[in-house]
Amino acid sequence: MTHAPAGARRTPRAIAVCVGIGLLAGLLSGLFGVGGGTVVVPLLVLLLGFDQRLAAGTSLAAIVPTAAVGVVSYGLNDAVAWIPALILAAGAVIGAQIGTWLLPRVSQVALRWAFVGFLAAVIVTLFLVIPSRDAQFELTWISAAAMVLLGLATGTVSGLIGVGGGIIVVPVLMMGFGTSDLVAKGTSLLMMIPAAVSGTFGNLRRHNVDLVSAACIGFAACTTTALGAWLATLVDPLVGNILFAVFLAFIAVQMAIKAIRTPRTG
């Protein structure tokens, strides 16, 4: 499958679709502390005919303004661990370069199946991790070293499939580091900004970003991210996890169908 022609991505319908994707991605970004790539990537592929590489690069670029607004929203509620976020980012920046280097070297079919597997792992995690608002985060030398490795892994995923890594970081911070769900989300959003910037520069060099679509998605997402962050303080964590899992299952099924129908030479 080839990139959708640039002209096809500049039509009023395409712009409107990008704005709609951004509004949804921003809401979920604020609500769950993720970059929104799990929404942006599959919907760009399914609705606008982007191939997986272009969708991944465009999503990663759109994450930057979205995450910035989310950080401000969580920061106002004192729900951002600034030093741990910087430690995570240090590993994520390097990992993002690894991911973008791998991106053009992986087949379309393999990328789609990897994304389906990624979503399946996230769905399972959502039922395993029950967020606690009372949990405290303790920073030690061991936990700092572990966070560098976690940042490296999530940065690689970020550059490879166009997500900010929050879907990995948030549950790991809660399960492995004893962080409250709100602090995990705010910290995740801050961590992913430098990784997304780094990965975007790599994708620009490889022509894997549609800047116009990324701008439409990113700025639209900014208008709903704060709302999502506010809802995160009101919605029962378990209910939120279940609803998000249902949505991701729908996306995973659609992407699996796409992968099955894609010629092995695509």
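The values are calculated or read from the model by the stated rules, or taken from the named source; none is laboratory data. What you see is a predicted model, and the numbers here were worked out from it, not measured in a lab. FYI the Cβ positions are ideal-geometry reconstructions off the backbone, even for glycines, and counts take in every protein chain you see.
Does F250 meet the test of being exposed (fewer than 13 other Cβ atoms within 10 Å of the Cβ), over 20 Å from A196 (Cα atoms), modelled with pLDDT under 80 and aromatic (F, W, Y)?
Values: exposed (fewer than 13 other Cβ atoms within 10 Å of the Cβ): yes; over 20 Å from A196 (Cα atoms): yes; modelled with pLDDT under 80: yes; aromatic (F, W, Y): yes.
Answer is yes for this residue.
Taking the conditions exactly as written (of a type outside the set (A, V, I, L, M, F, W, C), under 26 Å from V19 (Cα atoms) and either over 18 Å from the mean Cα position of the chain (by Cα) or part of a helix (DSSP H, G or I) (or both)), does G176 satisfy them or not?
Details: of a type outside the set (A, V, I, L, M, F, W, C): yes; under 26 Å from V19 (Cα atoms): no; either over 18 Å from the mean Cα position of the chain (by Cα) or part of a helix (DSSP H, G or I) (or both): yes.
Judged against the criteria, G176 is not a match.
So, in the stretch 190-243, exactly how many residues are of a type in the set (V, I, T) and within 15 Å of the chain's Cα centre (by Cα)? Reasoning before the result, please.
Pass one, the stretch 190-243, residues of a type in the set (V, I, T): 193, 197, 200, 209, 212, 217, 223-225, 233, 235, 239, 242.
In the following step, the residues that additionally are within 15 Å of the chain's Cα centre (by Cα) were identified as 193, 197, 200, 217, 225.
Count: 5.
Here is a check on your reading of the model: is T58 closer than 15 Å to M192 by Cβ and buried (at least 24 other Cβ atoms within 10 Å of the Cβ)?
Details: closer than 15 Å to M192 by Cβ: no; buried (at least 24 other Cβ atoms within 10 Å of the Cβ): yes.
Taking the combined requirement at face value, the residue does not satisfy it.
Against the definition (in contact (Cβ under 8 Å) with a residue 24 or more places away in the chain, surrounded by fewer than 24 Cβ atoms within 10 Å (Cβ to Cβ) and either touching a helix residue (DSSP H, G or I) at 6+ places or on another chain (Cβ under 6 Å) or on the phi < 0 side of the Ramachandran plot (or both)), how does T223 come out, yes or no? Talk me through it step by step, then tell me what you get.
On the way: in contact (Cβ under 8 Å) with a residue 24 or more places away in the chain: yes; surrounded by fewer than 24 Cβ atoms within 10 Å (Cβ to Cβ): yes; either touching a helix residue (DSSP H, G or I) at 6+ places or on another chain (Cβ under 6 Å) or on the phi < 0 side of the Ramachandran plot (or both): yes.
It is true that T223 is in contact (Cβ under 8 Å) with a residue 24 or more places away in the chain, surrounded by fewer than 24 Cβ atoms within 10 Å (Cβ to Cβ) and either touching a helix residue (DSSP H, G or I) at 6+ places or on another chain (Cβ under 6 Å) or on the phi < 0 side of the Ramachandran plot (or both).
List the pairs whose first member sits in the stretch 100-119 and is buried (at least 23 other Cβ atoms within 10 Å of the Cβ) and of a type outside the set (V, I, T), whose second member is modelled with pLDDT under 80 and not in a helix (DSSP H, G or I), and whose Cβ atoms are under 8 Å apart, counting only residues at least 6 apart or on separate chains?
R112/T262
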